[in-house]
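> For reference, the structure I am asking about is given below.
The values are calculated or read from the model by the stated rules, or taken from the named source; none is laboratory data. Every value quoted in this text rests on a predicted model; they were computed, and no experiment measured them. Heads up, the Cβs are rebuilt from the backbone with ideal geometry, glycines too, and the neighbour counts pull from every protein chain shown. Protein only, heavy atoms only, side chains kept; ligands, DNA and RNA dropped before computing areas. Shrake-Rupley method; radii C 1.70, N 1.55, O 1.52, S 1.80 Å.
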2 protein chains.
Amino acid sequence: MRPRLKDVAEHAGVSIKTVSNVVNGYPHVSPDTRTRVEAAIAELRYQPNLSARNLRSGRSGVIALAVPDLSIPYFSELATKVIEVADLRGWTVLIDQTQGERRKEQLVMSGIRAQLIDGMLFSPLALTPEDLRARTDQTPMVLLGERIGGGTLDHIAVDNVAAAHLATTHLVALGRRRIAAIGAQRAARAVTAEQRLRGFRRALSDAGLSEHAVADVSDYHRADGAEAMARLLDGDPPDAVFCFNDTLALGALRTLLSHGLRVPRDVALIGFDDIEDGRFSTPTLTTIAPDKAHIAETAVSLLATRLSAAGAEPPQDLCAPHRLIVRESTATGA
Amino acid sequence: MRPRLKDVAEHAGVSIKTVSNVVNGYPHVSPDTRTRVEAAIAELRYQPNLSARNLRSGRSGVIALAVPDLSIPYFSELATKVIEVADLRGWTVLIDQTQGERRKEQLVMSGIRAQLIDGMLFSPLALTPEDLRARTDQTPMVLLGERIGGGTLDHIAVDNVAAAHLATTHLVALGRRRIAAIGAQRAARAVTAEQRLRGFRRALSDAGLSEHAVADVSDYHRADGAEAMARLLDGDPPDAVFCFNDTLALGALRTLLSHGLRVPRDVALIGFDDIEDGRFSTPTLTTIAPDKAHIAETAVSLLATRLSAAGAEPPQDLCAPHRLIVRESTATGA
DNA sequence: ATCGTTGTCTGCAACGTTGTAAACGGTCTA
DNA sequence: TAGACCGTTTACAACGTTGCAGACAACGAT
């Protein structure tokens, strides 16, 4: 059996509460007692029972991170960072996958794990602002990515409009004129896609260009990008394409190359997310890099604030930095 | 405040224990009472408090999955499957990343989360059989991948020797004669790498060929593969390469293409793991596909057995199926 | 000498749940 | 009709922890 406070107390010749005080860093414990208790803790290899502590204190030290799909590299890279940062605060991260399905997102949001966690970081895809308003669960929550909170929840994301504008402007600066986009979504709920589309269109009109084509996708995997690019090539082929994320771009790249087109010579390609794959594709992938570490750190620290100050401080709506990383898929010399 | 059993009991006009019985599916409850209790549960939106339940019952319904790094696609794909399968049993999965570092693996193995979890699935990289023998923590554990348990723990993995043999034999069948491998590891602990190397060598000697070259790597990321391939090209270039995983292969592919070599014409390439990236690279990547769904299901069910039967049933050592998937990187017509 | 103050330590109760055992009312059997 | 039996329901205690209130000793100020 695992040792309890009681065992440590008997071993050190003090009361249970004193051991608890030592464990919790309560200051008014004499150095002598403290040493004796610590020795007993070490000897018995005592570890606090988290269930009991949680039951008593209402805190579990566990936070949830809900993302659509870990097998999308952007989310697994983000998860890696979040776990790292949370670890520094002594928190354990529990990951929920929603597959971007509205039903699962509602489930997660409405507190299916509420008993287990102190708070959650949530990266919704299909959820509507109404869904969020209808939320009754009180678990503190920080939104990542989609700006659908309507100012009712803490939120951190890149400025998608500005980032998409930057990406598109880069293509324009290469001298391309028939610029297409891949990644729009029919579902009116897909706020991120909508914002990137808006940035794309604004950049084109700023440059005095008209939109060459926009391809819808139903999901953001490689296969969707490959298939969307095939549709674009069926019509009047573009000379540059902005893909709303890197996996779409890698799928599109595959289609371009297998159609015998050269990248960037015939078609320049830019993605979004800066996932590791894009650094090793051929050609390597130009992309917009959101500062994932910054997002993870900010998200966790927003949650920490929310957890400590139960007060009604107004929710914050923060912006993460992004930058353009130029690689071979838009290189000029090629 | 969240409703408790007590609130539901009062609302339904029964005792706390009766509500508990209904919640837990205890059979001897009259249909009438059951209906009334269920109505009260629904109305108050009662959800059991997991901390209390865990404290009382000693079970948390949470299992840990410890892997080196989620940003390695193989592990994120595996994690996705494990979460799915665990969900069917009503379990929540908590993910620990070890970075393949021995110290972190020891930490995880020795029960750092023991208070929180009922059992764990562990995919070690750097751990030695001695580390495992020195383990004192009693949390049930199932090993994935590395066969270092020495028969003391449940274990599921593909037959790495046979799989590597299959991969190498495929290259031989293409008519290649200068066949190299990428992915050996200096650290004697890396059992998986060792087994794949053994299968590689056995296949070559079965074919009457001698080993062209073997490149060591320190890690299994794309960058390591790219760098290892560069070293191979410095010497007498191979006409085929077996990479011990797909990310290594994609890195190697990058180096080959940027050196102006054609794949598979000049160099045929085969990987291991069947990650999604390999289906969309150019050329697409031939690979050995371990049955990840099978691994996830088996691992979770091994753990379930171990959890229910506290008895000393002998640990099982199981083998997951694998198959060869031929794609462009070893296509014959090219 | 008395009183309040400070620092250290302790006992008690409670967090919400479930296992155990026992109570209750009814039906069946002798 | 008494006793045994069964299905249903209940009270109680315990899981290991921490907040609270207070006990106790030592000390300084009056």
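> For segment B:50-59, how many residues meet the condition of being within 11 Å of DNA strand D (Cβ to nearest atom) and surrounded by 16 or more Cβ atoms within 10 Å (Cβ to Cβ)?
5
Okay, residues lined up against (1) over 15 Å from the mean Cα position of the chain (by Cα); (2) acidic (Asp, Glu):
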residue: B:Cys243; (1), (2): yes, no
residue: B:Leu257; (1), (2): yes, no
residue: B:Asp266; (1), (2): yes, yes
residue: B:Thr284; (1), (2): yes, no
residue: B:Thr287; (1), (2): yes, no
residue: B:Asp291; (1), (2): no, yes
residue: B:Ala299; (1), (2): no, no
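> In segment A:131-151, which residues are within 14 Å of another protein chain (Cβ to nearest Cβ) and open to solvent by less than 50 Å² (accessible area, probe 1.4 Å)?
Within segment A:131-151, A:Arg135, A:Asp137, A:Thr139 meet the criteria.
> When you check A:Asp154 against the structure, is it closer than 24 Å to A:Ile295 by Cα, of a type in the set (Asp, Glu) and away from every other protein chain (no Cβ under 14 Å), yes or no?
yes
> While we're looking at this one, here's another question. For A:Ser308, which of the numbered conditions (1) without any contact (Cβ under 8 Å) to a residue 24 or more places away in the chain; (2) among the small types (Gly, Ala, Ser); (3) open to solvent by less than 20 Å² (accessible area, probe 1.4 Å) fails to hold?
(3)
> Conditions: (1) in a loop (DSSP other than H, G, I, E, B); (2) at the interface with chain A (Cβ under 10 Å from one of its Cβ atoms); (3) open to solvent by less than 20 Å² (accessible area, probe 1.4 Å). B:Ala79 meets all but one. Number of the miss?
(1)
> A further question follows. Here's a check for you: in segment A:101-114, which residue that is open to solvent by 20 Å² or more (accessible area, probe 1.4 Å) and more than 9 Å from chain B (Cβ to nearest Cβ) is modelled with the lowest pLDDT?
Only one residue tops the list, namely A:Ser110.
> Answer yes if at least one residue in segment B:138-147 is within 30 Å of B:Ser210 (Cα to Cα), at pLDDT below 90 and either outside the structural domain of B:Thr305 (by TED's automatic domain parsing) or among the basic types (Lys, Arg) (or both), and no otherwise.
yes
> Further question: Report yes if some residue within segment A:7-16 is of a type in the set (S, T, N, Q), buried (at least 18 other Cβ atoms within 10 Å of the Cβ) and at negative phi; otherwise report no.
Taking every residue of segment A:7-16 in turn, none turns out to be of a type in the set (S, T, N, Q), buried (at least 18 other Cβ atoms within 10 Å of the Cβ) and at negative phi.
> Okay, next question. Quick check on segment A:115-126: of everything there that is surrounded by fewer than 24 Cβ atoms within 10 Å (Cβ to Cβ) and in contact (Cβ under 8 Å) with a residue 60 or more places away in the chain, which residue is nearest to A:Glu101 (Cα to Cα)?
The selected residue is A:Ala126.
> Select from segment B:17-26 the residues that are open to solvent by less than 90 Å² (accessible area, probe 1.4 Å), of a type outside the set (A, V, I, L, M) and more than 6 Å from DNA strand C (Cβ to nearest atom) and list them in ascending order.
Scanning segment B:17-26 gives B:Thr18, B:Asn21, B:Gly25.
> If we only count strands (runs of 3 or more DSSP E) wholly inside segment B:209-288, which ones have 3 or more residues that are open to solvent by 20 Å² or more (accessible area, probe 1.4 Å) and away from every other protein chain (no Cβ under 11 Å)?
It comes to B:213-216.
> Let me confirm something: among A:Val93, A:Val82, A:Val62, A:Val67, which residue is in contact with a Leu (Cβ under 8 Å, 6 or more places away or on another chain) and within 16 Å of DNA strand D (Cβ to nearest atom)?
Answer to the check: A:Val62.
> What is the one condition in (1) within 13 Å of DNA strand C (Cβ to nearest atom); (2) within 14 Å of chain A (Cβ to nearest Cβ); (3) open to solvent by less than 20 Å² (accessible area, probe 1.4 Å) that B:Tyr46 does not satisfy?
(3)
> Given the criteria within 23 Å of A:Glu77 (Cβ to Cβ) and in the same structural domain as B:Thr136 (by TED's automatic domain parsing), does B:Ile112 qualify?
Criteria not met by B:Ile112.
> Filter segment A:314-328 down to residues that are outside any strand (DSSP E or B) and surrounded by 16 or more Cβ atoms within 10 Å (Cβ to Cβ) and give me whichever is modelled with the lowest pLDDT.
Within segment A:314-328, the match that is modelled with the lowest pLDDT is A:Pro315.
> While we're looking at this one, here's another question. Inside segment A:1-42, can you point out the residues that are within 14 Å of chain B (Cβ to nearest Cβ) and either away from DNA strand D (no atom under 12 Å from the Cβ) or part of a helix (DSSP H, G or I) (or both)?
Those that are within 14 Å of chain B (Cβ to nearest Cβ) and either away from DNA strand D (no atom under 12 Å from the Cβ) or part of a helix (DSSP H, G or I) (or both): A:Leu5, A:Val23.
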